[in-house]
Amino acid sequence: MSPMHSNGPIGNYDLVKKINMEHAISTILKYRPLSRAKIASLTGLNKMTVSSCVDLFVQKGFVVELGTTGTSRGRPPTLVDLNEKAGICVGIDVEINQFTVLVTDLLGKKLDSMIIPLQSKDPFFFVDAISGILRKLEKDHAQRQLGIVGVGIVIPGYYNIRTDVVDYSANLQEWNDFPLRSELAKRVPGLTVHVNPASYAGAMGEVHFGGAKAADHLVYVTSSWGLSVGVYSKGELFTGTTGTAGRLGHSTIHMNGKKCTCGSRGCWEMYASIKALYELLETTPQEMTIADIVAGIERGDSRITSSVHELGHYQGIGLANVINAYNPRVICIGGLLALLGPTLINSIWNTLREMIPARFLLGLEIYCSDLGELGVAHGGVSMVLRQLSTTIIENSLMG
Ligand SMILES: [Zn+2]
C-alpha cells in the first residue's frame with residue numbers, strides 16, 4: 001500500500017478488501033470444499049463480496065471450482081476448494097549428522113522426501129547444500145502458480161527471533177550465532193523461510209498432521225539426546241521474548257544431581273532423555289540400537305522394561321511441573337522417546353497420579369507421536385501452511 005493512499009479512501013478500500021479476502025480464504029481453508037453461499041453465511045460477508053474474492057482466487061489459480069455432481073433437479077451449487085497443486089511447501093529437519101527434506105503440496109501431502117548426510121558441521125555446508133536443492137525445486141515446480149510457498153527449517157536448538165540468528169544448539173555448537181535466514185536469502189532470494197526448534201515444529205506438526213488435531217492446548221515434549229518442550233495454545237505457539245521458551249529439559253529435578261552440559265546439576269533431561277535410558281541400561285547405541293530396545297520391550301525383557309519404567313518415572317516428575325504450569329489438554333511425546341510407546345506412558349501416569357491431585361488430571365490425554373521419521377519435517381511444513389492464507393492474499397493482490 002503506498003503511503004499516499006494510507007489515510008485516504010483508497011487506502012481504506014484496499015484494507016477492507018484485504019480483510020474480506022482474509023475471511024474468505026481462511027474459511028475456504030478451514031471448511032473446504034464449500035459453496036459461495038456457505039462462505040457468505042460463515043463469514044457474514046455479502047454474496048457479491050464473496051464472489052469477487054473467490055473469482056479473483058480462481059482467476060489466479062489458487063482456488064478451483066469443483067464440478068457439481070448433484071442429481072436433483074435445480075442447479076446444485078458449485079463448490080470451491082483450495083487448488084492443492086498451486087504450490088509446494090518444503091519442510092527440513094536438521095539433525096546432528098543428516099538433514100531430511102520433505103516436499104508437500106498445499107494440503108501437506110507428501111510429494112517427495114530425501115535424506116542428505118551433513119558431512120560437515122560448518123553451517124555454510126548446510127546452506128550451500130540446501131540452496132542447491134531449493135533452486136532445483138524452484139525450477140522443477142516453476143509451472144505452479146505460487147511456486148515454493150515457504151520453507152520451514154527445524155533445527156536441533158533454538159533460533160533467536162529478535163536477532164535472527166541461531167541462538168544455541170547444544171548438539172550443533174558450530175551453528176551458534178549463525179544468521180541462517182540471511183545467509184540463505186543471499187543464495188536463494190525471495191523465499192519465505194521459517195526457522196524453529198524441534199519442540200515448536202513438533203507441536204505444530206501434531207496439531208496439523210498428527211493425533212492432536214482437535215486440541216486447543218497441547219504440550220509437545222521432544223526427547224532424543226536432549227529434551228525440550230513446545231507449548232501450543234489456541235492456535236499460537238508460546239515462544240517467549242526471544243524464541244527460547246520451553247527449555248524445560250534444564251529445569252532442576254535433583255538439587256545435587258548429575259552434572260549437565262548446560263553447567264547446572266540435576267536437569268530433567270539428564271534423567272528422562274534417550275541419553276538417560278542408555279545410562280540406565282549401561283550400554284551405547286552402537287551396542288544396542290533403539291530398535292533393539294523396542295524389541296526388548298515387546299518380548300518383555302525385564303532389564304529393559306524396568307529401565308523404561310524408571311525413565312518414565314522421571315519423565316512423570318518433569319511432566320508434573322509442566323501440567324502445573326500449563327494445564328494442557330494433551331501431552332504428546334515426540335522424538336526417539338516416542339518409540340517406547342505404552343510402556344513409557346503407563347509409567348508416566350503412575351508417577352503423575354502420585355504427584356498431582358486427580359482433579360488436575362481430569363480429561364488429560366498423554367500419547368506418543370506416531371508421525372515417525374518424517375514427523376519433525378512435517379512440523380516444518382506446518383510452519384509454512386499456517387501462513388498459507390497470508391501468502392495467497394499477497395499473491396492475489398500482486399499485478
Ligand atoms: Zn542442563
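The values are calculated or read from the model by the stated rules, or taken from the named source; none is laboratory data. Model, not experiment: these values are computed from the prediction. Cβ coordinates were reconstructed from backbone atoms using ideal geometry, including for glycine residues, and neighbour counts include every protein chain displayed.
Results for (1) surrounded by fewer than 21 Cβ atoms within 10 Å (Cβ to Cβ); (2) at pLDDT 95 or above; (3) not in a loop (DSSP other than H, G, I, E, B); (4) not assigned by TED's automatic domain parsing to the domain that holds residue 137, shown as yes or no for each residue.
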| position | (1), (2), (3), (4) |
| --- | --- |
| 153 | no, yes, yes, no |
| 162 | yes, no, no, no |
| 170 | yes, no, no, no |
| 174 | yes, no, yes, no |
| 182 | yes, yes, yes, no |
| 190 | yes, no, no, no |
Among the residues of the stretch 107-151 satisfying the criterion of being polar (S, T, N, Q) and in a loop (DSSP other than H, G, I, E, B), which is farthest from the chain's Cα centre (by Cα)?
143
Which count do you get for residues in the stretch 84-105 that are assigned to a loop (DSSP other than H, G, I, E, B), modelled with pLDDT under 95 and not β-branched (Val, Ile, Thr)?
2
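Take the conditions more than 27 Å from residue 184 (Cβ to Cβ) and touching a residue at least 40 places away in the same chain (Cβ under 8 Å) and apply them to residue 77. Does it pass?
On the way: more than 27 Å from residue 184 (Cβ to Cβ): yes; touching a residue at least 40 places away in the same chain (Cβ under 8 Å): yes.
Spelling it out, residue 77 is indeed more than 27 Å from residue 184 (Cβ to Cβ) and touching a residue at least 40 places away in the same chain (Cβ under 8 Å).
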Look at residue 206 and say whether it is of a type in the set (Asp, Glu) and either under 14 Å from the mean Cα position of the chain (by Cα) or within 16 Å of the ligand (Cβ to nearest atom) (or both).
yes
Select from the stretch 355-374 the residues that are under 14 Å from residue 323 (Cα atoms) and aromatic (Phe, Trp, Tyr) and list them in ascending order.
360
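I'd like to know if the stretch 73-83 contains one or more residues that are assigned to a loop (DSSP other than H, G, I, E, B), crowded, with 17+ Cβ neighbours inside 10 Å and either in contact with a Phe, Trp or Tyr (Cβ under 6 Å, 6 or more places away or on another chain) or not hydroxyl-bearing (Ser, Thr, Tyr) (or both).
First, pick out the residues of the stretch 73-83 that are assigned to a loop (DSSP other than H, G, I, E, B): 73-78, 83.
Still in the list and also crowded, with 17+ Cβ neighbours inside 10 Å: 83.
Filter again for either in contact with a Phe, Trp or Tyr (Cβ under 6 Å, 6 or more places away or on another chain) or not hydroxyl-bearing (Ser, Thr, Tyr) (or both), leaving 83.
Yes - at least one qualifying residue is present in the stretch 73-83.
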Residue match in the stretch 380-399 (condition: surrounded by 24 or more Cβ atoms within 10 Å (Cβ to Cβ) and farther than 30 Å from residue 15 by Cβ):
yes
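Might you let me know whether the stretch 277-293 holds any residue that is in a helix (DSSP H, G or I) and within 16 Å of the ligand (Cβ to nearest atom)? Write out each step before concluding.
Kept after step one, since they are in a helix (DSSP H, G or I), are these residues of the stretch 277-293: 277-281, 290-293.
This time we only want the ones that are within 16 Å of the ligand (Cβ to nearest atom), so: 279.
Yes - at least one qualifying residue is present in the stretch 277-293.
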Look through the stretch 185-244, keep the residues that are touching an Asp or Glu at 6+ places or on another chain (Cβ under 9 Å) and of a type in the set (Val, Ile, Thr), and return whichever of them is nearest to residue 168 (Cα to Cα).
244
Yes or no: the stretch 296-315 includes at least one residue that is outside any helix (DSSP H, G or I), closer than 30 Å to residue 90 by Cα, not assigned by TED's automatic domain parsing to the domain that holds residue 113 and not hydroxyl-bearing (Ser, Thr, Tyr).
no
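Okay, residues lined up against (1) touching a strand residue (DSSP E or B) at 6+ places or on another chain (Cβ under 6 Å); (2) crowded, with 18+ Cβ neighbours inside 10 Å; (3) farther than 12 Å from residue 81 by Cβ:
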{"site": "23", "(1), (2), (3)": "no, yes, yes"}
{"site": "44", "(1), (2), (3)": "no, no, yes"}
{"site": "49", "(1), (2), (3)": "no, yes, yes"}
{"site": "54", "(1), (2), (3)": "yes, yes, no"}
{"site": "57", "(1), (2), (3)": "yes, yes, no"}
{"site": "61", "(1), (2), (3)": "no, no, yes"}
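Residues 344, 364: which one is in the same structural domain as residue 273 (by TED's automatic domain parsing), touching a Pro at 6+ places or on another chain (Cβ under 8 Å) and modelled with pLDDT of 95 or more?
Numbers: 344 fails: touching a Pro at 6+ places or on another chain (Cβ under 8 Å).
From the options 344, 364, the qualifying one is 364.
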Could you check the stretch 220-257 and list, in sequence order, the residues that are of a type in the set (S, T, N, Q), away from the ligand (no atom under 14 Å from the Cβ), surrounded by 15 or more Cβ atoms within 10 Å (Cβ to Cβ) and in a loop (DSSP other than H, G, I, E, B)?
224, 239
Within the set of pairs 6 or more residues apart or between chains, which connect a residue that is within 6 Å of the ligand (Cβ to nearest atom) inside the stretch 258-269 to a residue that is not in a strand (DSSP E or B) with Cβ atoms less than 6 Å apart?
260/270; 262/250; 267/250; 267/260
One residue from 103, 166 being crowded, with 18+ Cβ neighbours inside 10 Å, free of Cβ contacts under 8 Å to residues at least 60 places away in the same chain and touching a Lys or Arg at 6+ places or on another chain (Cβ under 9 Å):
103
